[in-house]
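Reading through the structure tokens given below for one structure.
The values are calculated or read from the model by the stated rules, or taken from the named source; none is laboratory data. If you're wondering where the values come from, they're calculated on a predicted model, not measured in any experiment. Counting neighbours? That spans all protein chains shown, and the Cβs are built from the backbone with ideal geometry, glycine included.
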Amino acid sequence: MITPLIPFADPHAAYAKRRQEILDAVARVFDSGRYILGPEVAAFEADFAAWLGPAHTAGCASGTDAIELALRAMGVGPGKAVFTVSHTAVATVAAIERAGGVPVLVDIDVETYTMSPTSFEEAVTALQTVRPDLTPAVVVPVHLYGHPCDMDAITTVAHNHGLAVLEDCAQAHGARYKGHKVGTLGTAAAFSFYPTKNLGALGDGGAVAANDPTLAEALNALRQYGWKERYISAVPGINSRLDPVQAAVLRVQLRYLDADNAARRHLAALYTETLDAGELILPQTAVWAEPVFHLYVVRCLDDREGFRKFLHQKGIGTAVHYPQPVHLQPAYMGRILTIPQHLPITEQIAPQLVSLPMFPQLGEKEVELVAKAVGEWAKAGA
């Protein structure tokens, strides 16, 4: 097996660059003697809220837990329909089911690969006929690959039908919609701090952001057994606390997030400028979007696996996000609700997507080498 000279992602590169700062931050936690929640988590929550905008942030154990906790705090449970897309990490849908809700999957926009507002509205309207036993409760737009959803259109539909809006910002820390940061545009927002994310820990972590103090209070209780006072559960909760060691790491990483996002945008622009597209469709940016390129995803219209194999032989790592839409995966096929029954855009593009190397420490020369290899592949297929 060829070890990629240019990896698809490299979270270690950020650690290596900030190693002493991170080690000092971790030592501070060890020396404090506070190993569950405590001042380090509270400090990160305050730092992240100040950077993002909402008044309240609750750290938790993962991005998946962030979605589940937010949905529970919004009152989702049995009989409540939660609308999202099938073209997402399975964690989005898994969290809806863990919260007790019923996922309803809709189609995506062919250019941004994010939720189609038209498909969402059609699904909300059709639900009363398809499943009259379900109550529309929440929509979870996923800001996929670092590109924002069309939030004005989505929130208009949601408000017209009485739905809350939970933004899935796992891949979009710092992305903007019409000048406003994602995570500030709905009822609440869920974030992941998985190591490869734009804001990544050195392990798992997540957070929910919200302006509503009642919602924030519910989140703080739900993440720790439903406690409002120690050892007394006011509501059924779970154990999902952000680890203080990861909080310390995230406080360091947060200081570099805006610069890291600028680096991602620069690399994406360089890709777009230098790639010989051939049979590839390059990422499209909506006029209202300022993406942060968590991933640089191209569509390979012919022989995706041949394309990936060619790049692998050149020492270039790639990935696929995602190999199968959620509704076609074995755990969900035949039992999960999609409106319409088939999702034509989702099903069309899933076999075509390839993620090229993208991380802030990637060099311009490495991007040029990727572009050169893509050009060689295009000529070979001509």
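Data for the structure
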| item | result |
| --- | --- |
| Failed criterion for Ile339 (all others in (1) in contact with a Ser or Thr (Cβ under 9 Å, 6 or more places away or on another chain); (2) more than 29 Å from Val102 (Cα to Cα); (3) buried (at least 21 other Cβ atoms within 10 Å of the Cβ) hold) | (2) |
| Residues located in the stretch 233-257, provided they are among the hydrophobic types (A, V, I, L, M, F, W, C) and modelled with pLDDT of 95 or more | Ile238, Leu242, Val245, Ala247, Ala248, Val249, Leu250, Val252, Leu254, Leu257 |
| Helices (runs of 4 or more DSSP H) (entirely within the stretch 240-343) containing at least 3 residues that are closer than 30 Å to Val41 by Cα, in contact with a helix residue (DSSP H, G or I) (Cβ under 6 Å, 6 or more places away or on another chain) and not aromatic (Phe, Trp, Tyr) | 244-255 |
| Residue satisfying all of: in the stretch 207-225; among the small types (Gly, Ala, Ser) and assigned to a helix (DSSP H, G or I); farthest from Thr285 (Cα to Cα) among these | Ala221 |
| Only one of Asp133, Asp152, Asp204 that is acidic (Asp, Glu), part of a loop (DSSP other than H, G, I, E, B), farther than 22 Å from Asp65 by Cβ and not assigned by TED's automatic domain parsing to the domain that holds His321 | Asp133 |
| Positions within the stretch 1-48 being touching a strand residue (DSSP E or B) at 6+ places or on another chain (Cβ under 8 Å) and either assigned to a helix (DSSP H, G or I) or free of Cβ contacts under 8 Å to residues at least 24 places away in the same chain (or both), in sequence order | Val41, Phe44, Glu45, Ala46, Phe48 |
| Flag if Arg176 is more than 25 Å from Ser32 (Cβ to Cβ), in contact with a strand residue (DSSP E or B) (Cβ under 6 Å, 6 or more places away or on another chain) and modelled with pLDDT of 95 or more | yes |
| Check on Ala378, of a type in the set (Gly, Ala, Ser) and either under 30 Å from Ala259 (Cα atoms) or without any contact (Cβ under 8 Å) to a residue 40 or more places away in the chain (or both) | no |
| Candidate set: the stretch 33-80, residues that are more than 21 Å from the chain's Cα centre (by Cα) and within 25 Å of Asp133 (Cβ to Cβ); chosen: the one surrounded by the fewest Cβ atoms within 10 Å (Cβ to Cβ) | Pro78 |
| Top-ranked residue of the stretch 344-382 - restricted to ones that are in a loop (DSSP other than H, G, I, E, B) and among the aliphatic types (A, V, I, L, M), ranked as farthest from Tyr113 (Cα to Cα) | Ala382 |
| Failed item in (1) surrounded by 13 or more Cβ atoms within 10 Å (Cβ to Cβ); (2) under 26 Å from Glu97 (Cβ atoms), with Gln352 passing the rest | (2) |
| Ala189 vs. criteria assigned to a strand (DSSP E or B), in contact (Cβ under 8 Å) with a residue 40 or more places away in the chain and farther than 19 Å from Thr155 by Cα | no |
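Residue-by-condition table, conditions (1) modelled with pLDDT under 95; (2) among the β-branched types (Val, Ile, Thr); (3) at negative phi:
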| residue | (1), (2), (3) |
| --- | --- |
| Thr112 | no, yes, yes |
| Val142 | no, yes, yes |
| Thr156 | no, yes, yes |
| His161 | no, no, yes |
| Leu166 | no, no, yes |
| Gly183 | no, no, no |
